[in-house]
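The values are calculated or read from the model by the stated rules, or taken from the named source; none is laboratory data. Just so it is clear, the structure is predicted and the values come from calculations on it, not from any experiment. As a convention, Cβ positions derive from the backbone with ideal geometry for all residues, glycine included, and neighbour counts pool all protein chains shown. Ligands, DNA and RNA are stripped out before the accessible areas are found, and what is left, the full protein with its side chains, is counted by its heavy atoms. Shrake-Rupley method; radii C 1.70, N 1.55, O 1.52, S 1.80 Å.
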Amino acid sequence: MAERFKDRVALVTGASRGIGRAVAVAFAREGASVALCYTSNDGAAEAALGDVRAAGGNGELLKFDVADSAAVAAAVAGFVKARGRLDVVVNSAGIALDGLLLRQSDDDWARQLAVNLTGVMAVSREAAKAMLRARYGRIVNLTSVVGEAGSAGQGAYAATKAGIVGFTKSLAREVASRNISVNAVSPGFIDTDMTARLSAEQKDAILKSVPISRMGTVADVVPAVLYLASDEASYVTGQVIRVNGGLYM
């Protein structure tokens, strides 16, 4: 496989599991040095780093909470100083604390906004400093079909994911003249830890709305992320690529 990211430096949030982990490994396989960012699960993070190294890549762990802007600034700035550059950022960290509106607590609402939306802003803001100096960069944000179509019981999660789309388009306009692209990938019903908590009945109900008639996998999502992060997508910015099996068109 061609090394599209040879000599590139990438940073992936939410890299200890799910889509973020698969993206980090894919970057490593294609030649990038990768920072795997995570919040708390040391065991999962170490395992993800092992996958990166098994893929023949270089990686390191960065532990911080994306909802803590000061921690984000310190971690990302320190990484950039050590590596001398930052070419690609993938914002994959996210949480879902589901609940119907009348049962939605202020704390759960605030936590989802802090992680899913403010976290994307904080990481992108710090990364943009290095990218603007270098006059090159690729930022890819993970949104969700829920942010486009809505989902009962996921008002807060949907609001954050819709917010990511607006943020992506706005930032894309701000930095395009410096050869920095900002795009989003919108996965649908993907087989990850986040969907594993659904019952068989819930999964069956969702699958009835998916024209391709199956759940997606992280392997379905990764190619879209890597495309947007590569030089093949140098004329693509402010876009949302949907990977949802036709669930939302």
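Here is how the numbers come out for the structure above:
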quantity	calculated
Inter-label distance for L102 and D204, nm, one decimal - labels placed 7 Å from Cα along Cα-to-Cβ	2.8
Degrees, to the nearest 10: 18-29 long Cα axis against longest axis of the chain	30
Straight-distance crosslink candidates among aspartates and glutamates, where the alpha carbon sits under 17 Å from K6 and sequence neighbours closer than 8 are dropped	E30, E60, D87, D231, E232
Ranking by accessible area, most exposed first, for L86, L97 with a 1.4 Å probe	L97, L86
Residue-wise HN-Hα coupling along the stretch 200-210, computed from phi with Karplus coefficients 6.51, -1.76, 1.60 (Hz; x: Gly, Pro)	4, 5, 5, 5, 4, 5, 5, 4, 5, 9, 9
Top of G153, G238, G18 by mean-square fluctuation, Gaussian network on the chain, Cα under 10 Å	G153
Accessible-area order (highest first, 1.4 angstrom probe) of the listed residues S92, S209	S209, S92
Sum of side-chain charges, G84 neighbourhood, beta-carbon under 13 Å (Lys, Arg +1; Asp, Glu -1)	+3
Reciprocal of mean inverse Cα separation for the stretch 161-249 (Kirkwood radius, Å)	14.4
The stretch 1-134 - Rg over Rh from alpha carbon coordinates, Kirkwood radius	1.01
Where M249, M194, M131 fall by accessible area, highest first, once all protein chains stay in place (1.4 Å)	M249, M194, M131
Under 5 Å, built H, 5+ apart or other chain: amide partners of N244	G188
Estimated [θ] at 222 nm from DSSP helical runs (n ≥ 4, -39500 (n - 2.57)) normalised by residues in the chain, nearest 500	-14000 deg cm²/dmol
Electrostatic dipole magnitude of the chain [Cβ: Lys, Arg +1; Asp, Glu -1; Cα centre; debye, to 20]	720
Distant-in-sequence amide H partners of G216 (H built 1.01 Å from N, under 5 Å)	F189, I190, D191
Å² of accessible area per residue within the chain, as computed with a 1.4 Å probe and no ligands counted	46
Rg and Dmax [Cα atoms of the chain; Å; Rg one decimal, Dmax integer]	17.1, 52
Selected from A22, A196, A67 as most flexible by GNM, with the chain as the system and alpha-carbon contacts under 10 Å	A196
